[in-house]
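Participant: The structure follows.
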Amino acid sequence: MPGEMPAHGIQLDMDVFHAFRDDRPKEEKWELIDGVPVMMPPPSLVHQYIADNLFALLNERLRSAVPTWRAVTEICLLLAGDKKYNPEPDVTVIDKAVQLDQIYATKFHFVAEVLSPNDKPKVLTAKLAYYQAHESCMAILFVRQDKVEARLYLRDRKWKPLTLSKATNRIDLPGIGDIGSLNDIYLDTPLFTS
């Protein structure tokens with residue numbers, strides 16, 4: 001029945017997941033990860049500040065470096081052939097040209113997730129594998145919200161993670177360039193150092 005909570009660990013196809021999610025209260029955020037619906041916890045203010053800072057840094061850089069791309073927040077990904085994944089990264093770089101009624105990104109170049117202490121490692125591992133599997137994706141950034149730290153995965157490094165743990169570490173993305181320091185991402189949060 002639409003709107004009912006699915007049994008723990010049950011596999012859903014995309015149509016059933018969308019019917020379920022669309023019937024849930026709007027304040028709930030659901031993603032389909034490896035066929036399993038996952039309810040995401042409400043974001044903290046620090047989480048929102050980090051995502052907003054990334055969004056601003058990316059769009060500022062994209063205006064001159066790649067004017068045909070744009071960073072967006074909280075857009076679901078639904079790629080051709082997807083049957084088990086409908087994630088909603090915190091920040092995604094997509095092609096600027098979109099259709100008037102488009103509600104999902106159908107191609108992406110970069111994604112960022114602001115990690116919550118409640119994130120399950122299994123879900124993060126599945127998301128990472130999903131993002132890496134798409135040829136258009138060049139970089140993935142997982143940012144901690146409880147301490148100054150991020151993991152940057154780059155396609156041209158065969159997805160071997162770079163751990164950034166100093167406020168002065170720069171974030172240089174393939175095809176985009178240097179968007180700023182790790183400290184810039186933490187602007188206006190308790191983790192920012194002046």
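Participant: If we count trypsin sites (Lys or Arg not before Pro) as exposed when they sit in a DSSP loop and have at most 15 other beta carbons within 10 Å, what is the longest stretch of the chain that avoids them all?
Facilitator: Here the longest segment lacking exposed loop sites spans 27-82.
Participant: I would also like to ask the following. Roughly how many nanometres apart are two label points built 7 Å out from the Cα toward the Cβ at MET40 and LEU100?
Facilitator: 2.9 nm
Participant: I want to verify a result. In a Gaussian network model of the chain, Cα cutoff 10 Å, which of these has the top mean-square fluctuation: THR125, THR73, THR92?
Facilitator: THR125
Participant: What number, in percent, do you get for the relative contact order of the chain if the mean sequence gap of Cα pairs under 8 Å and at least 6 apart is divided by its residue count?
Facilitator: 17 percent
Participant: Give the residue from HIS18, PRO174, VAL66 lying farthest towards the positive end of the charge dipole for the chain; charges sit on Cβ (+1 for Lys and Arg, -1 for Asp and Glu) and the dipole is referred to the Cα centre.
Facilitator: The Cα lying farthest towards the positive end belongs to PRO174.
Participant: Still on this structure, I have one more. Output the pairs from LYS29/LYS160; LYS29/LYS120; LYS107/LYS127; LYS84/LYS122; LYS84/LYS107 with a Cα-Cα distance over 19 Å in this structure; if there are none, say none.
Facilitator: LYS29/LYS160
Participant: For segment 88-185, what is Rg from Cα atoms divided by 2.2 N^0.38 Å, rounded to two decimals?
Facilitator: Taking N as the residue count of segment 88-185, the ratio is 1.09.
Participant: Just in segment 102-194: which GluC sites (Glu not before Pro) are loop by DSSP and have at most 11 other Cβ atoms within 10 Å?
Facilitator: Within segment 102-194, the qualifying GluC sites (Glu not before Pro) (loop, at most 11 other Cβ atoms within 10 Å) are GLU135.
Participant: Expressed as a fraction of 2.2 N^0.38 Å, the rule-of-thumb size for a compact globular protein of N residues, what is the C-alpha radius of gyration of the chain?
Facilitator: 1.02
Participant: Could I have the simple spin-label model distance between ARG157 and THR68, label points 7 Å from Cα toward Cβ, reported in nm to one decimal?
Facilitator: Those two pseudo-labels are separated by 2.7 nm.
No lab work stands behind these numbers, since they all come straight from the coordinates. As the structure is a computational prediction, the values presented were derived from the model and not from experiment. Here the Cβ is made from the backbone with ideal geometry for all residues, glycine too, and neighbour counts use every protein chain on show.
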